[in-house]
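The values are calculated or read from the model by the stated rules, or taken from the named source; none is laboratory data. Since the model is a prediction, treat every value here as computed from it, not as a measurement. Note that each Cβ is placed from the backbone with ideal geometry, even for glycine, and that neighbours are counted across all protein chains shown. Remember, those area values only see protein heavy atoms, side chains included, never the ligands or the DNA or RNA. Shrake-Rupley method; radii C 1.70, N 1.55, O 1.52, S 1.80 Å.
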Amino acid sequence: MRTLPGGLLEEGKGVIAYSVGIAWAAQEELEYIATDPDKEHSFFVEEFDNLHKFVPKIIHNICQEFNSQPRN
């Protein structure tokens, strides 16, 4: 089980964490924060102006993951 500092996220609890880094963000840290698979949940852009490029991918992932969750 992987937890973030302070117990902000505990895997296996149905929480999916995305990480977005801008400019000097460390890729290793982004992947540590993101839920596995890291490459699907972590994103990096050189500057804020390029952030819009990942919005469709993030929205698509969130919708897919939501629809795959079991219903009560």
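Summary table
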| item | result |
| --- | --- |
| Amide H partners (placed H, <5 Å) of Ala17, local residues excluded | Thr35 |
| Inter-probe distance in nm under a simple model that places probes 7 Å from Cα toward Cβ, at Asp36 and Cys63 | 2.8 |
| Protection proxy ranking of 20-29, 47-56 - average other beta-carbon atoms within 10 Å, highest first | 20-29, 47-56 |
| Candidate residues Tyr32, Tyr18: accessible-area rank, largest first, probe 1.4 Å | Tyr32, Tyr18 |
